[in-house]
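Beneath this line is the structure, given in structure tokens, with notes to follow.
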Amino acid sequence: MTSGQHAQSRILACDSASISFSADGQPSFSNEETGQNIKRAAQELRNSSLVAFPTETVYGLGGSALPDSTAIPKIYSTKGRPSDNPLIVHVASRSQLDKLVHPAHRNSLPRCYESLIAKFWPGPLTLLVPTIPGELVSHRVTAGLTTVGVRMPAHPVARALIATADVPVAAPSANTSGRPSPTTAQHVQDDLRGKPDLAYILDGGSCQVGLESTVVSALPHMQDDHIAAEHMSNGHLCKETLRILRLGGVSPEELQRCLQDAGLSERVDLQIATPHSSSSSSSAKPDDPEQPQPDFVPSTPGMKYKHYSPTARVVLLRQSDKEHAEAVETVLESFSGKKLGLLYLESSLLTERLQNETSYTARVSLGSACDYATQAQRLFSGLRDIDAAGVDVILVECVKEEGLGRTVMERLGKAAGNVQPLDVRV
Ligand code: TXA
Ligand code: MG
């Protein structure tokens with residue numbers, strides 16, 4: 001089948017446990033079918049067709065990121081993604097990373113990058129590096145910037161696919177823009193079924209982390225990447241600032257610990273560059289995911305768009321003793337006549353009250369209140385499952401904002417259109 005003729009994207013099963021890697025990262029396959037499937041998919045990537053594949057975070061919609069690749073516009077059109085939102089490039093080896101970095105900066109990347117790579121790669125951390133669009137990477141990947149986000153995924157299917165194709169792979173999450181990211185092959189199929197440029201969906205089971213990578217940059221200037229490149233080539237040795245541009249699968253606490261263990265905590269400031277609204281009144285989400293939210297200063301180009309939204313309205317509820325907090329009955333009355341879904345925490349007083357007061361069309365547990373990894377893993381699939389039951393409103397109990405819980409709440413905030421949680425008395 002040639003590119004552009006994939007009337008039905010086929011799901012190809014891959015057994016992660018059957019993949020092993022040599023010291024130099026080359027995969028071998030004890031399950032013949034898995035090996036064949038990955039080789040077929042790798043060939044499609046080399047032909048500039050698209051392949052959806054599992055990573056440990058979420059499923060990615062992959063295409064070759066090489067300068068002469070014709071895959072990148074297909075990624076944007078298949079997802080319905082705004083073209084000013086750059087893509088993350090996935091690599092399977094250190095040498096693939098080196099080839100993406102501007103030669104003038106290969107020996108002068110921020111000092112903390114070595115420690116971050118040693119600790120978190122392969123894994124859910126994306127680093128911005130200076131590059132040369134059009135020469136080292138497709139200029140369509142970087143959307144006009146001279147930096148590129150790079151990560152080495154840990155999922156054996158992803159690593160084997162990239163190493164076999166032997167090309168850097170640009171991959172956003174494999175969902176329709178605006179929808180919750182996919183954490184199973186079925187989610188990808190639900191969103192992208194019948195898309196002509198998608199050759200295969202590799203099925204490697206459910207994603208373990210469940211939400212996207214953390215995007216960081218320690219390049220000198222976030223806004224003006226030309227200036228950043230100049231500073232670096234001057235060997236600028238001032239204190240580094242490591243900015244978290246998007247919260248994700250590596251928590252701020254883990255990043256701080258890594259800096260401490262590497263003896264860098266005195267020399268590197270860790271900052272969370274949270275996107276913010278430039279006017280306090282703007283909380284409505286636009287219906288069109290291609291329309292940027294008004295009055296919004298994003299920390300990455302992608303942050304200004306609507307995200308992670310099911311069809312149903314998402315309402316966040318927070319247990320509170322504050323005076324203005326509303327009674328559970330009052331909150332539920334305001335939704336009377338609506339079909340309700342519930343994304344809940346186990347052993348929670350608020351959940352208990354919500355369940356005792358009314359019945360729900362669909363309910364999914366996010367796990368226990370302090371198990372942030374399970375909450376992260378279940379978040380997107382929970383939103384999708386409840387949405388599929390055809391509810392009008394999904395009530396979600398807020399989780400504590402520490403560790404990965406902070407990322408879970410950031411994603412939930414976006415799913416709720418940045419509307420503040422309702423304080424509820426139990
Ligand atoms: O876990 C993940 O990161 C997944 C899997 C598939 O690897 N990918 C993913 O890609 O979430 P995507 O495209 O949905 O999100 C990429 C984010 C966007 O917010 C984008 O604006 C930002 O990274 N980004 C990419 N390149 C950038 C750059 N050069 N400068 C600033 N932000 C960048
Ligand atoms: Mg995405």
Q. Restricting attention to the stretch 83-98, does a residue exist that is out of contact with any helix residue (DSSP H, G or I) (no Cβ under 9 Å at 6 or more places or on another chain) and part of a helix (DSSP H, G or I)?
A. yes
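Each row is one residue, and each column tells you yes or no for (1) within 30 Å of G80 (Cβ to Cβ); (2) buried (at least 20 other Cβ atoms within 10 Å of the Cβ); (3) modelled with pLDDT of 95 or more.
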{"position": "M303", "(1), (2), (3)": "yes, yes, no"}
{"position": "H307", "(1), (2), (3)": "yes, yes, no"}
{"position": "A312", "(1), (2), (3)": "yes, yes, yes"}
{"position": "S320", "(1), (2), (3)": "no, no, yes"}
{"position": "R378", "(1), (2), (3)": "yes, yes, yes"}
{"position": "S381", "(1), (2), (3)": "yes, yes, yes"}
{"position": "A388", "(1), (2), (3)": "yes, no, yes"}
{"position": "D392", "(1), (2), (3)": "yes, no, yes"}
(Q) Take the conditions among the hydroxyl-bearing types (S, T, Y), within 16 Å of ligand 2 (Cβ to nearest atom) and modelled with pLDDT of 90 or more and apply them to S213. Does it pass? (A) yes
Q. Just wondering, is there one or more residues in the stretch 182-203 that are small (G, A, S), under 30 Å from A416 (Cα atoms) and either touching a helix residue (DSSP H, G or I) at 6+ places or on another chain (Cβ under 8 Å) or more than 13 Å from ligand 1 (Cβ to nearest atom) (or both)?
A. yes
Q) Name the helices (runs of 4 or more DSSP H) wholly within the stretch 299-412 that hold at least 3 residues that are within 16 Å of ligand 2 (Cβ to nearest atom) and either closer than 30 Å to Y76 by Cβ or within 19 Å of the chain's Cα centre (by Cα) (or both)? A) 372-388
Q. For the stretch 111-128, does any single residue satisfy the condition of being part of a helix (DSSP H, G or I) and among the hydroxyl-bearing types (S, T, Y)?
A. yes
Q. Are any residues in the stretch 167-181 in contact with a helix residue (DSSP H, G or I) (Cβ under 7 Å, 6 or more places away or on another chain) and either within 26 Å of A17 (Cβ to Cβ) or surrounded by 20 or more Cβ atoms within 10 Å (Cβ to Cβ) (or both), and if so, which ones?
A. V167, P168, V169, A170, P172, A174, N175, S177, R179, P180, S181
Q) Residues of the stretch 74-88 being away from ligand 2 (no atom under 14 Å from the Cβ) and under 15 Å from G144 (Cα atoms), which ones? A) S83, D84
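The values are calculated or read from the model by the stated rules, or taken from the named source; none is laboratory data. Being a predicted model, the structure only gives us computed values, none of them experimental. Ideal geometry is used to build each Cβ from the backbone, glycine not excepted, and the neighbour counts take in all protein chains shown.
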